[in-house]
Amino acid sequence: MKYKLKLIIGLFIFFFALTFNSNLNVQAENFNYISNDYVNPPLPEINKLEPVIYDGLMLRVRNAANLNMDADTGIHYRYLDDTSKKMYRALYKAALNVYPHDTASFLITDSHMIGVAYGDTEEFAFTADQYQAAYEAVRYDHPDMVQFNACLVKMWSGYTSYTSSDVKVYNTYLCLIANEGYDQAKFDEITAKIQQGRTRFLNDSSITNATGKYAKELAIHDLLLNITTYDYDCFAENTVYNMGHSVYGIVKDGKAVCDGYAMAFSYLLEGIGINSVIVSSQSHAWNVVQLGYEWYEVDVTWDDVNSTDEGTLHKYYNLSTEQISDGSAARTRTDASAKFPIAYGTAYNYTYVKELIFKNSEAALVPVTGLTLAPQQLTGKTGDSGRFTLTYSPENANNRSVLWESSNTDVILVDDYGYYILKGPGSATVTAMTANDTVKSSASVYVTDENDNIFVGNITLSDTLLECEYGDTGIITYTIAPANATNKNIIWESSNKYVATVEDKGAEGIVYTVTGPGRAIITAKSEDGSCETACEINVPYVNIKVTYDLAGGTGDVEDNIWQICGRRYSLPTEVTREGYEFGGWYTAKEGGDKINYWTVVTAKEDHTLYAHWNAIKYTVTFDANGGSVAYADAQREVAYGDAIGELPEAAFEGYTFDGWFDAAEGGNEVTATAIVTGDMTLYAHWTIIPPEDPEPEQHADPDPEPEQPADPDPEPTQPADPDPEPVQPADPDPEPEQSEQLVNPEPEQSEELVTPEPEQSEQLVNQEAEQQKAEVSETETGTAISKNDVNDSAQTTANEAVLPADGNIEVAGKEYHVDETGNATVMVAENKDVTSVKIGDTINYNGESYKVTVVQSKAYKNCKKLKSLTLGSNIEKIGSGAFSGCKNLGKITIKANNLKTVGGGSFKGIKNGAKITVVCKDKKTYDKVVKKLKKAGAKTAKFKFKKG
């Protein structure tokens, strides 16, 4: 808190005092001492902001002590402590831009919101007395503003926590919200009316004809009482939100209570160049007026309510503090008012002023026009003492009332005669000023420590307020005093690196760079800790309109149109295009720079971002359907929208190839020009080649005669056993010699075979081929294509009539375990280099079909080359860790109607952004499955619903 004292220089005019004392008695009976009409302001509502947690390092935090330094302050401001001064400045700035009455939403970035304190390491705190002192001072210094009688004050407080440095930085904000019926335009209109009213009042002939300030003071006093009556309605209402507590109550209705009277009197005296302050107790308010080099107390309210004759009209006019108090509780000043000047003046009492007016003479009041304080610079050690001297201009000035002020009472104390004592090491400024603060002179004080170090006393910056745009850079230079300070190093800091950063250039100052919108305080503090100053940087929020070119895709981009220059992009993510994966947003249709969520908006004008897409590559599988196809041709990847391309050749001994079809049986033929729109399996279709009829000479009988067959007269229906031995379709994999026997039977067998009709023989052969084909074909869904995929079932030994004892079998290069219920479990894969896995609905083994229902735990764990996966519709359980660590697994299709369990971590560590298509009957099932998959590790995957 600054140390403030009053020095009154000159001589008392004793004979005036004697005259005064013989003509006034303040203890006369039957006077109405109205009090309790002064209402203390309500404390502001303080709202807590949500904490901001920042995972970064803030090395040092400095309080921005000089916020709102451009606020217009007056004489009452000088007597406040630092906390009250901060609130005074914020209240004044907020009064220039109040919130409308019906405002429902408040943002700290609003122009109505004024910072009280930034960058504090402790939450901004104040007492009720400190707030009342600030509230009274800003009202009394600006009587032409009624915002403080017609607005609600609210405050917000919050902090940013820097976790890396374990520091909390507190910010506090304040605003005014207009009462119903008022807004900023209305307040500005009222201010203009008050100012116009003062002009008219001071142009009244009773004032313009008065000679000298003492006479004009009396004329203002009397005219004010003539046009004003006491506002008993305001007194009864007992609320600060009444214009009776303001000058406007007199301008508008001719009514006021005590503080309204006092503010009007002070405002009018200011208009003719007379200094005054308004003092208050807990229940009343009045004035202390400076005439010459002395102060006098005036209570216009009590003069008015007791006006019955001329004597009582001026009972409380130009008294000393001692005379007006006289033990009355109503005169007990508050802590804030106790700092105001004490009235010792007795010369210009009412009787003497009337005498001067009657004689039409002007007392010789010569104001001070210049002050010179000596010495201008003082350097010493703790404990040194002395006295400053003052030189007045002009020499005959007799209005020599001077206030003394120390900027740092921990360094130097000064009394009302200029005597000082040095209290401790550091720097300070001592100022002597006239009471109206128009004439002043200062001295710089430097107190060394025990090592004779001279501390920095002042830092002057080249800029203290900068209005910038995003991307601006500049230089802030500085000078320090005294020039011979021992440590001249300066520490620079920005309160908000997201608004401005600083680069220390040593003696040259700093280079600042604007990094985003908002407000930042650049603090310069001497390394010796003796002083600091700051520059405020303000950067407006500039909205940039961004248009999105979806390039054939679809999605909602409305919420992301408006971006803020200097802030990171907020980008649409829910965009899709059939057959394509989203590749990101770019600055050009082709090429250009990629825009990510961490990219800062640097463009200062509207612009367009373009979606880039990557065609999805789908797997086309060629199922030989009992035949064979080259391993390299069994599977290929084709981009969405491209043609399949040249189809592979397939072979099946004993069959002719009919082409590739989209179903194992029936379906439509697919050509090389077919367009790929998803994963697909093409099936080879075959037509059996019928055996040729044997020539007669090929029979074993060298002399075949028609009558030589076993039955010389066979009945048409008896040429062969109904279940002839040569035809054995039950064997799915006949031995070659058996096949040869069918085509080239032994003579005795031939005799049995030649008897059937040709069509019967052909029918038997076809039945056998179809049965053989069925025995070696896989189910429609198939299994994963690998080197062992082709003709899988055909390779299973036909004569194994039962499952192995342990139930473990191998089909298509994969190990399965078949349990007693006939359900199969996919076992742990031995081949860790597999790139594609397709688990079908069933597997065939020895002519039996088994449902595949379980994928064993860790079945494909750490198969790092695995890229695609398909799970059939009978899968009920995926074991824990089944596909964990498959870091390249990016394409997954799950037929999930029967899926009940997804083990923990089964998809942990798969490719970031993997695309998972869930095929199921409805969205409800889809949502449940997706939840299980995410819980199992697929948190970053992109999911797609497909009905089936």
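The values are calculated or read from the model by the stated rules, or taken from the named source; none is laboratory data. Predicted model only: the values in this text are computed from it and were never measured. So basically every Cβ, Gly included, is an ideal-geometry build from the backbone, and we count neighbours across all protein chains shown.
A few points about this structure:
- Filter result for residue 350 (of a type in the set (Ser, Thr, Tyr), modelled with pLDDT of 85 or more and in contact with an Asp or Glu (Cβ under 6 Å, 6 or more places away or on another chain)): no
- Check on residue 460, crowded, with 20+ Cβ neighbours inside 10 Å and over 30 Å from residue 400 (Cα atoms): no
- Where residue 156 falls short, out of the listed (1) touching a helix residue (DSSP H, G or I) at 6+ places or on another chain (Cβ under 8 Å); (2) part of a strand (DSSP E or B): (1)
- When segment 529-541 is filtered for residues that are modelled with pLDDT of 90 or more and buried (at least 16 other Cβ atoms within 10 Å of the Cβ), the ones remaining, listed by number, are 532, 533, 534, 535, 536, 537, 539.
- Test: residue in segment 257-272 that is buried (at least 19 other Cβ atoms within 10 Å of the Cβ), in contact with a Pro (Cβ under 8 Å, 6 or more places away or on another chain) and either at pLDDT below 95 or not in a helix (DSSP H, G or I) (or both): no
- In summary, residue 558 fulfils each of the numbered conditions (1) exposed (fewer than 15 other Cβ atoms within 10 Å of the Cβ); (2) among the acidic types (Asp, Glu); (3) at pLDDT below 95; (4) not assigned by TED's automatic domain parsing to the domain that holds residue 575 with the single exception of condition (4).
- Some residue of segment 828-838 being touching a Phe, Trp or Tyr at 6+ places or on another chain (Cβ under 7 Å), in the same structural domain as residue 936 (by TED's automatic domain parsing), in contact (Cβ under 8 Å) with a residue 12 or more places away in the chain and among the aliphatic types (A, V, I, L, M): yes
- Scanning segment 468-496 for residues that are of a type outside the set (Ser, Thr, Tyr) and under 11 Å from residue 512 (Cβ atoms), we see that the one that is surrounded by the fewest Cβ atoms within 10 Å (Cβ to Cβ) is 475.
- You will find that of 69, 58, the residue that is at pLDDT below 90, out of contact with any strand residue (DSSP E or B) (no Cβ under 8 Å at 6 or more places or on another chain), among the aliphatic types (A, V, I, L, M) and closer than 19 Å to residue 534 by Cα is 69 and no other.
- Taken together, the residues in segment 627-654 that are within 22 Å of residue 837 (Cα to Cα), touching a Phe, Trp or Tyr at 6+ places or on another chain (Cβ under 6 Å) and part of a loop (DSSP other than H, G, I, E, B) amount to 3.
- Check on residue 169, touching a Pro at 6+ places or on another chain (Cβ under 6 Å) and either surrounded by 19 or more Cβ atoms within 10 Å (Cβ to Cβ) or more than 22 Å from residue 77 (Cβ to Cβ) (or both): no
- Flag not set for residue 228, criterion: loosely packed, with under 14 Cβ neighbours inside 10 Å and touching a helix residue (DSSP H, G or I) at 6+ places or on another chain (Cβ under 8 Å).
- Pick from segment 297-307, criterion part of a loop (DSSP other than H, G, I, E, B) and in contact with a helix residue (DSSP H, G or I) (Cβ under 6 Å, 6 or more places away or on another chain), ranking: modelled with the lowest pLDDT: 307
- Selection from segment 908-942 of residues that are closer than 19 Å to residue 617 by Cβ, part of a strand (DSSP E or B) and not β-branched (Val, Ile, Thr): 915, 942
- Answer residue from segment 408-436, given it is of a type in the set (Asp, Glu) and over 45 Å from the mean Cα position of the chain (by Cα) and is modelled with the lowest pLDDT among those: 416
- For residue 594: the one exception among (1) in contact (Cβ under 8 Å) with a residue 24 or more places away in the chain; (2) more than 26 Å from residue 680 (Cβ to Cβ); (3) charged (D, E, K, R): (1)
- Test result for residue 859, buried (at least 17 other Cβ atoms within 10 Å of the Cβ) and at pLDDT below 90: no
- In segment 883-904, the qualifying residues are those that are farther than 12 Å from residue 862 by Cβ, part of a loop (DSSP other than H, G, I, E, B) and within 36 Å of the chain's Cα centre (by Cα), and the one that is modelled with the lowest pLDDT is 904.
For (1) touching a strand residue (DSSP E or B) at 6+ places or on another chain (Cβ under 8 Å); (2) surrounded by 13 or more Cβ atoms within 10 Å (Cβ to Cβ); (3) in a loop (DSSP other than H, G, I, E, B), each residue gets a yes or a no:
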| position | (1), (2), (3) |
| --- | --- |
| 585 | yes, yes, no |
| 592 | yes, yes, yes |
| 597 | yes, no, yes |
| 620 | yes, yes, no |
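- Of the residues 294, 310, 322, the single one that is over 30 Å from residue 427 (Cβ atoms), at pLDDT below 80, out of contact with any helix residue (DSSP H, G or I) (no Cβ under 8 Å at 6 or more places or on another chain) and assigned by TED's automatic domain parsing to the domain that holds residue 247 is 310.
- Any pair with Cβ under 6 angstrom, 6 or more apart, that starts in segment 908-932 at a residue that is in contact (Cβ under 8 Å) with a residue 24 or more places away in the chain and more than 22 Å from residue 679 (Cα to Cα) and ends at one that is part of a loop (DSSP other than H, G, I, E, B) and among the polar types (S, T, N, Q): 908/884; 909/884
Okay, residues lined up against (1) among the charged types (D, E, K, R); (2) within 55 Å of the chain's Cα centre (by Cα):
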{"residue": "215", "(1), (2)": "no, no"}
{"residue": "236", "(1), (2)": "no, yes"}
{"residue": "248", "(1), (2)": "no, yes"}
{"residue": "253", "(1), (2)": "yes, yes"}
{"residue": "260", "(1), (2)": "no, yes"}
{"residue": "269", "(1), (2)": "no, yes"}
{"residue": "290", "(1), (2)": "no, yes"}
{"residue": "317", "(1), (2)": "no, no"}
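- Failed item, numbered, when residue 486 is tested on (1) part of a strand (DSSP E or B); (2) among the β-branched types (Val, Ile, Thr); (3) under 30 Å from residue 378 (Cβ atoms): (1)
- Test: residue in segment 155-176 that is over 20 Å from the mean Cα position of the chain (by Cα) and either of a type in the set (Val, Ile, Thr) or assigned by TED's automatic domain parsing to the domain that holds residue 522 (or both): no
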